[in-house]
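Beneath this line is the structure, given in structure tokens, with notes to follow.
A short reminder: the numbers here are calculations on the coordinates, not readings from a lab. Since the model is a prediction, treat every value here as computed from it, not as a measurement. Here Cβ is always computed from backbone atoms with ideal geometry, including for glycine, and neighbour counts include all displayed protein chains.
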There are 2 protein chains.
Amino acid sequence: MKKIGIVGVTGAVGQELLNVLFTRKFPFSQLVLLASERSAGKTIPTPFGEMIIEEFSREKAEKLDILFLAVGADFSREHAPYLAEKGVLVIDNSSAFRYEASVPLIVPALNASALQNHTLIANPNCTTAILAMPLYPIFQEFGLKKVIISTYQATSGAGSAGMDELEKQTRNFLNHEEVKNEVFAHPIPFNIIPHIDVFQENGYTKEEMKVSWETRKIFGLPKLLISCTAVRIPTFRAHAESVTVETEKPVDIQKIKEILSVAKGVDLVDDTEKKQYPMPLNATKKYNVEVGRIRKNDVFGEYGLDFFVCGDQLLRGAALNAVEIAELTL
Amino acid sequence: MKKIGIVGVTGAVGQELLNVLFTRKFPFSQLVLLASERSAGKTIPTPFGEMIIEEFSREKAEKLDILFLAVGADFSREHAPYLAEKGVLVIDNSSAFRYEASVPLIVPALNASALQNHTLIANPNCTTAILAMPLYPIFQEFGLKKVIISTYQATSGAGSAGMDELEKQTRNFLNHEEVKNEVFAHPIPFNIIPHIDVFQENGYTKEEMKVSWETRKIFGLPKLLISCTAVRIPTFRAHAESVTVETEKPVDIQKIKEILSVAKGVDLVDDTEKKQYPMPLNATKKYNVEVGRIRKNDVFGEYGLDFFVCGDQLLRGAALNAVEIAELTL
């Protein structure tokens with residue numbers, strides 16, 4: 001039985017880590033909730049009953065078997081390599097180590113074998129993880145030449161504060177009161193913002209580049225032609241993505257539907273006659289991502305494919321994936 | 001001085017037709033508001049003062065010089081050819097005639113010459129018209145091989161009823177009351193729906209195919225490789241579109257920005273350092289469409305381009321374009 005810990009348990013991802021550990025009956029002998037001095041000493045409700053948050057220290061953390069980091073990249077950079085060196089399995093939800101060749105970036109259903117004997121593991125960006133679930137099985141059967149993505153990303157990507165801002169400022173908007181933005185670069189109610197994370201020199205945002213970099217790494221395709229336009233929209237916690245693919249082998253829509261109907265972590269939701277397709281409200285709080293709107297895209301002749309995917313940003317995009325990584329060690 | 005008429009003046013597009021005619025000081029000797037028996041006799045406020053809606057009859061309509069149709073395709077099919085034959089310039093906002101080779105489909109800044117002596121003119125689909133404003137100048141200078149679009153479409157695309165449903169049901173959602181959907185296929189508050197207009201046999205919706213069919217027709221490129229994924233989102237009245245293009249000549253981002261900074265009907269909003277990019281809240285009630293996020297897309301090597309465009313659905317997507325068609329006759 002493992003001793004496990006979570007840093008960042010009061011955040012949106014940390015809360016879902018507790019829920020997922022509970023729901024999946026993850027076996028542990030001890031669960032320690034760690035935080036900065038600011039949160040330490042607080043008692044919080046959890047699915048395991050009320051628990052007290054302890055102040056983080058390396059001494060406490062290095063006694064654990066598994067540590068989930070659901071905090072910023074700076075914290076991870078400071079402590080994760082040290083703890084991993086000490087033999088703790090550190091599963092880091094930040095972007096700090098995702099692009100280091102020596103650190104595996106894992107979506108357990110797809111590339112679990114990358115774990116090997118590593119003790120520092122990166123959890124992918126939410127948009128990447130949700131995309132990868134249907135794209136990987138398609139890649140395995142049909143190969144990939146080009147992938148073009150436009151996203152519809154929920155406010156949970158900015159944590160609880162993002163969701164709170166959406167709710168509160170939407171009320172203000174409807175009540176003709178002043179609409180403020182603190183979390184987002186612009187007002188989010190009834191608006192969309194094509195800007196997530198910082199802009200890079202090439203005109204893409206870092207969020208958009210993360211999707212390209214991480215998909216290449218997880219799929220083992222360092223030269224994959226892939227691009228993303230990432231857009232924040234006024235939804236709460238499920239991301240959607242419109243995806244156009246050029247495959248290496250001719251597209252067979254029926255076969256793709258068959259593959260996706262049995263793919264791990266994927267629900268095929270694709271019955272247009274019954275108005276069934278992926279939507280954020282339906283994908284919210286679901287473990288599986290929904291995929292649908294599967295159709296040939298003639299822009300790429302016989303090799304063109306379109307699909308639409310929608311997944312819970314806090315679960316598949318973060319907490320569920322992290323717990324599944326931990327489950328690989330059981 | 002022209003005698004002009006509007007059928008469908010109580011709808012969202014009809015209301016904007018009145019506003020645009022007023023703001024642009026369109027010269028007329030007579031303005032007649034026509035409707036079905038149901039609305040006839042009503043007095044409504046207009047920018048020209050209170051006006052009475054008259055019951056539509058062919059006898060009244062055929063005395064006009066210009067008639068704007070802002071009603072359904074069935075009405076247009078029944079009456080537009082007859083009135084056009086009688087010499088009335090009929091500017092039809094429905095999809096009834098857009099795909100007939102004998103009927104020009106016009107965005108005045110782009111293909112005004114298609115008007116010739118035609119008296120039945122089709123106004124494009126809103127998503128097409130907004131896309132075409134920046135895409136056409138790019139096409140003229142760099143050529144087009146492939147165009148891939150994902151849309152973020154406002155509820156105004158379903159008229160006033162669509163916007164009302166968004167507002168009312170968002171209140172219900174926030175007040176934990178039942179959220180209903182009558183206009184849309186599913187609840188729209190804090191959700192997105194990848195389904196606009198009816199599904200076709202090829203898996204695309206008619207809305208998605210309209211964008212392909214109409215762009216080919218307006219641009220005079222019957223074989224253009226173009227695809228669209230059309231998504232309804234919880235915004236009020238400006239559509240946004242994420243666009244990836246493969247050009248014929250190598251992309252020169254600086255030149256494209258120069259071209260778009262002087263293109264008719266386009267505002268270049270592309271200063272990422274100052275967090276300036278197209279957004280629905282800013283594009284609302286503007287005549288010009290906003291274009292930004294202009295960057296090279298390496299998926300298509302030297303020939304790849306990404307941009308983001310946002311335009312008022314009721315103005316550039318409908319009423320403004322219709323009035324600009326009428327202005328071609330002045």
| query | How far, in nm, would the chain grow between A:ASP164 and A:ASN202 when pulled straight, counting 0.36 nm per residue and subtracting the alpha carbon separation? | reply | 10.5 nm
| remark: So the FRET efficiency between A:GLN254 and A:SER29, C-beta based with R0 = 41 Å and rounded to 0.05, is 0.25
| remark: For chain A (alpha-carbon point model, no solvent) the Debye-based log₁₀ I(q)/I(0) at q = 0.13 Å⁻¹ works out to -0.98
| message | Can you tally the net charge around B:LYS217? Count Lys and Arg as +1, Asp and Glu as -1, for every other residue whose Cβ sits under 13 Å from the Cβ of B:LYS217. | response | +2
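What whole-number value in cubic angstrom gives the convex hull volume per residue for the C-alpha atoms of region A:225-288?
Spread over its residues, the Cα hull of region A:225-288 gives 127 Å³ apiece.
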| remark: Binned at 5 Å from zero, the C-alpha pair distances of region B:128-313 give percents of 1, 8, 16, 19, 19, 15, 11, 6, 3, 2, 0
| remark: Cα-Cα pairs in region A:91-203 separated by more than 25 Å, as a whole percent of all pairs, come to 42
| note | The rounded separation in angstrom of the Cα centers of region B:148-223 and region A:131-167 is 21
| query | Cα-Cα over 30 Å: which of A:LYS168/B:LYS286; B:LYS180/B:LYS264; A:LYS210/B:LYS285; A:LYS257/A:LYS286; A:LYS146/B:LYS255; A:LYS255/B:LYS146? | reply | B:LYS180/B:LYS264; A:LYS210/B:LYS285
| task | Find the chain B residue whose Cβ sits closest to the rotation axis that carries B onto A, and give that distance in whole Å. | result | B:SER150, 2
| remark: Per-residue average of other protein chain Cβ atoms inside 10 Å, peptide A:189-200 -> 6
| Over region B:23-107, equivalent-ellipsoid semi-axes from the Cα gyration tensor in Å | 23, 16, 13
| task | For B:SER29, go 7 angstrom from Cα along the Cα-to-Cβ vector, then report the distances to that same point in the other copies in nm, smallest first. | result | 9.8
| field | Calculated [θ] (222 nm, deg cm²/dmol) that DSSP helices of n ≥ 4 give over chain A, each run adding -39,500 (n - 2.57) | value | -9000 deg cm²/dmol
| task | Could you go through region A:180-189 in sequence order and give the Karplus-derived ³J(HN,Hα) for each residue, using 6.51 cos²θ - 1.76 cosθ + 1.60 with θ = phi - 60°, rounded to whole Hz, and x for Gly and Pro? | result | 10, 9, 10, 6, 9, 5, 8, x, 9, x
| Considering the Cα trace of the protein assembly as shown, what is its radius of gyration and what is Dmax, both in angstroms? | 26.7, 90
